[in-house]
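Take a look at the structure below.
The values are calculated or read from the model by the stated rules, or taken from the named source; none is laboratory data. What you see is a predicted model, and the numbers here were worked out from it, not measured in a lab. Glycine also receives a Cβ, built like all others from the backbone with ideal geometry; neighbour counts cover every protein chain displayed.
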């Protein structure tokens, strides 16, 4: 049996952190102005499945995602690269995440810098700083659970 809860943020590292530029201001006037990024987990019969997502606050649309059985930097890197490829986002975009080691990593930060994106990170332990992303994950998991329950009964 898989545990019901799995920590996805490891902020116990010595990598540089970014200021909280978003500061719970989730308003936008156009697409590709502010993105939120996060990792969630889904319990499966084979173990944990990790899902990294990038949410455009304008329209609350998931613009990039990646899945893996491990929660490595490559997971968030792949989700961000997909979002860039799908949207053509350009310089000045704010990309907000938690302070996890994956988001603070040199590779992820280089990708942000290469594209001229501005990094923003939540305050330590404050889930409200990324609440639209958390809300999206909650809805996704509810839909997934409902779908699984329906298929089991059928």
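Results for (1) at pLDDT 95 or above; (2) over 24 Å from residue 131 (Cβ atoms); (3) in contact with a strand residue (DSSP E or B) (Cβ under 9 Å, 6 or more places away or on another chain); (4) assigned to a loop (DSSP other than H, G, I, E, B), shown as yes or no for each residue.
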position	(1), (2), (3), (4)
37	yes, no, yes, no
43	no, no, yes, no
62	yes, no, yes, no
111	yes, yes, no, no
Check on residue 75, at pLDDT 95 or above, in a strand (DSSP E or B) and touching a strand residue (DSSP E or B) at 6+ places or on another chain (Cβ under 6 Å): no
Every residue from segment 103-129 that is touching a helix residue (DSSP H, G or I) at 6+ places or on another chain (Cβ under 7 Å) and more than 15 Å from residue 35 (Cβ to Cβ): 105, 107, 123, 127
Those residues of segment 118-135 which are within 15 Å of residue 56 (Cα to Cα) and surrounded by fewer than 19 Cβ atoms within 10 Å (Cβ to Cβ), in sequence order: 118, 131, 132, 134, 135
Any hit, segment 130-143, residues being touching a helix residue (DSSP H, G or I) at 6+ places or on another chain (Cβ under 9 Å), part of a strand (DSSP E or B) and under 26 Å from residue 19 (Cβ atoms): no
Members of segment 84-104 that are buried (at least 17 other Cβ atoms within 10 Å of the Cβ), more than 11 Å from the chain's Cα centre (by Cα) and not in a loop (DSSP other than H, G, I, E, B): 84, 87, 94, 101, 104
